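Worksheet for the structure shown next.
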Amino acid sequence: MVPPQHSKLAAAQVGVIRVGFITTKKLGNAVKRNRARRLLRESMRLLAEEWVTGLNLDIVLIARAEICAPNVRMQQVRDEIWWLARKAKIVKSKVRAI
């Protein structure tokens with residue numbers, strides 16, 4: 001049996017972090033879901049340099065209704081993601097660079 005092609009690619013790449021975002025219709029209309037995805041995507045981009053190198057990770061972020069509140073800011077989302085990453089021990093330091 002021949003293994004699928006994607007497994008060869010995944011095995012060849014070292015230190016790849018893949019991120020998936022789940023935003024369901026429970027969050028609200030398309031505008032709210034897209035805003036939640038934008039906040040999550042930008043937060044992950046800003047924290048990219050703090051991840052531990054050499055790890056192959058698949059991260060799935062599931063947006064909750066709280067992210068759609070009008071008073072939620074990028075810094076709050078970034079801080080929450082950083083806290084979760086620190087708890088999972090996939091960030092370099094215990095102190096977040098501002």
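One table, with the values for the structure above:
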{"item": "Separation between Cα centres of the stretch 49-98 and the stretch 17-48, rounded to whole Å", "result": "12"}
{"item": "Label-point separation, residue 69 to residue 48 (7 Å along Cα→Cβ), nm", "result": "3.0"}
{"item": "Using θ = phi - 60° and Karplus 6.51 cos²θ - 1.76 cosθ + 1.60, couplings along the stretch 54-60 (whole Hz; Gly, Pro as x)", "result": "x, 9, 9, 10, 10, 10, 10"}
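The numbers here are math on the coordinates, done by the rules we state, and not lab data. None of the values given here were measured: they were computed from a predicted structure. Cβ sites come from the backbone with ideal geometry, for glycine too, and all protein chains shown count toward neighbours.
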